[in-house]
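Everything below concerns the one structure shown next.
Laboratory data are not the source of any read-out in this text; all were calculated from the coordinates shown. These figures come from a predicted structure and were not determined experimentally. Note that each Cβ is placed from the backbone with ideal geometry, even for glycine, and that neighbours are counted across all protein chains shown.
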Amino acid sequence: MLFDLPDDAVLYTALLARDAAWEGRAYVGVTSTGVFCRMTCPARKPKRENCRFHETVAGCLEAGFRPCRRCHPLACGSGAEPSVAPLVAALEADPARRWSEDDVVARGFDPSTVRRAFKRQFGITFLEMARLRRLRESAGVLAKGGKVIEAQLDAGYDSPAAFRAAFAKLLGQAPAKFAEDALLRADWIDTPLGAMVAVSDRSALHLLEFSDRPALPSSLRHLLKASKGSLGLGRYAPTDQVEAELGAFFAGQNATFRTPLALEGSEFTRTVWQALVAIPAGETRAYADIAREIGRPSAVRAVARANGANRIALVVPCHRVIGSDGALTGYGGGLWRKRNLIELERGYARA
């Protein structure tokens, strides 16, 4: 489990010592460079505040980090499966390539066997690994003001149409349509549970969702319509603020978020969201509990719908709502994230 790792102080000490005991058990993502490394990497050590520790390679990739070219973390322990080492080497040699099952077959491997092998080794398939790297790199190019064609080439897409379709699926529209001087700006935030997309204006946060959440494209389309097309790439101050607060939250230091929020919804929906914000970290509520707290005891289903409509994950903590029988209920970011968040917040309850 993700939070079986010790605290960051222990891991940072191990990183400085290049402690081989942590080889394959933990990895470090460096926010200042965007790469992730083995704990024994010979490169110059990053500042502690720039380190994000993960238990798996998949966690690093999902958080948007690229593998280090000095310590080659994808090759760490890859000899356990015959197909893994050569495919990892091929991916490192050509990370911009748009890999397919045909490429896997051409190298003499069975796609089904490769899928299972990579899942066991890294918690992610080979094609998912390649796609995450392409999309993350292309988003970085665009966020820095690069041209669409540059992002397309960096992502390894063989045609502008293919690239635009992939980007549109992730962020809700083709990259060329993002405004340069936009009212709203979208950017990535890396977390121990995977990359998140944050959208803010100059004064408030409008959206914070995990990048693989199925509802993300529709949420972005809603914001695009509400802003009359004024949605661009980059960030304003609220995104910086929530990124810092998320860092403290995942480090177990502070569960309080003070970033100004733009809560867009009906009066009833906003009332439900405000009730969610009032749930202390380390505690949970059932939908029926929320309905009673807002004075609408018969509106349990409406509360559930409002909970599911939340577009500001973690800050508006819809993950703290569970079933009346104590079972975990649906969560847009995935039940595995909900379990880890509840487990993390038990530390706040004990404190």
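Please report the relative contact order for region 1-72, taking Cα pairs under 8 Å with a sequence separation of at least 6, and give it as a percent rounded to a whole number.
35 percent
Amide H of I124 versus every other amide H placed in the peptide plane: which residues, excluding those fewer than 5 positions away on the same chain, fall under 5 Å?
K119
Need one word for region 267-350: rounded, prolate or oblate. Basis is the Cα gyration tensor (sqrt eigenvalues a ≥ b ≥ c); a/c below 1.5 gives rounded, then a/b vs b/c decides. Could the numbers behind the result be given before it?
Numbers: a/c = 1.58, a/b = 1.51, b/c = 1.04.
Judged from the Cα gyration tensor, region 267-350 comes out prolate (a/c at least 1.5, a/b above b/c).
Once a ≥ b ≥ c are taken as the square roots of the eigenvalues of the Cα gyration tensor of region 237-294, is the result rounded (a/c under 1.5), prolate (a/b larger than b/c) or oblate (a/b not larger than b/c)?
Values: a/c = 4.00, a/b = 1.44, b/c = 2.78.
Oblate is the answer for region 237-294, as a/c is 1.5 or above yet b/c matches or exceeds a/b.
Which of the GluC sites (Glu not before Pro) found in region 282-351 are in a DSSP loop and have at most 14 neighbouring Cβ atoms, other than their own, within 10 Å?
Hits after loop and neighbour filter: E283.
Determine, from the Cβ-Cβ distance of R339 and E23 and an R0 of 35 Å, the FRET efficiency 1/(1 + (r/R0)^6), rounded to the nearest 0.05. Mind showing how you got there, number by number?
Details: r = 27 Å, r/R0 = 0.77.
So, using R0 = 35 Å, E works out to roughly 0.85.
Using modelled amide H (1.01 Å from N, peptide plane; none on Pro or chain starts), what sits under 5 Å from the amide H of C68, excluding residues fewer than 5 places away?
Distant-sequence amide H within range of C68: F36.
Can you run phi through the Karplus equation (6.51, -1.76, 1.60; θ = phi - 60°) for region 12-29 and list ³J(HN,Hα) in whole Hz, with x for Gly and Pro?
Values, residue by residue: 5, 4, 5, 5, 4, 7, 6, 5, 5, 5, 9, 4, x, 9, 8, 9, 10, x Hz.
In vacuo Debye scattering of region 177-311, one point per C-alpha: log10 I(q)/I(0) at q = 0.15, 0.21 Å⁻¹?
-0.80, -1.33
Enumerate the calculated ³J(HN,Hα) couplings along region 6-11 in order (Karplus 6.51 cos²θ - 1.76 cosθ + 1.60, θ = phi - 60°), each rounded to whole Hz, writing x wherever the residue is Gly or Pro.
Values per residue, Gly and Pro as x: x, 6, 4, 5, 5, 5 Hz.
I need I294, I342 ordered by Cβ neighbour count within 10 Å, fewest first.
Going from sparsest to densest Cβ surroundings: I294, I342.
Given a Förster distance of 30 angstrom, what is the FRET efficiency for A89 paired with R44, based on the Cβ-Cβ distance and rounded to 0.05?
On the way: r = 25 Å, r/R0 = 0.84.
With R0 = 30 Å, the Cβ-Cβ based efficiency is 0.75.
For a quick check: with amide H placed at 1.01 Å from N, whose amide H comes under 5 Å from L261's, ignoring anything fewer than 5 positions away on the same chain?
Under 5 Å from the amide H of L261: L205.
How do 309-319, 13-23, 225-235 rank on mean C-beta neighbours within 10 Å, highest first? Walk me through the numbers before you get to the answer.
Values: 309-319: 22.9, 13-23: 15.2, 225-235: 16.8.
Descending packing order for the listed peptides: 309-319, 225-235, 13-23.
FRET efficiency for E283 and A251, Cβ-Cβ distance as r, R0 = 30 Å, nearest 0.05?
Numbers: r = 20 Å, r/R0 = 0.67.
After rounding, the FRET efficiency stands at 0.90.
Given N residues in region 1-72, what is Rg(Cα) / (2.2 N^0.38 Å)? Could the numbers behind the result be given before it?
Details: Rg = 10.6 Å, N = 72, 2.2 N^0.38 = 11.2 Å.
It is 0.95.
Once you put a point 7 Å from the Cα of S266 and another 7 Å from the Cα of L5, both along the Cβ direction, what distance in nm separates them?
Distance between label points: 4.2 nm.
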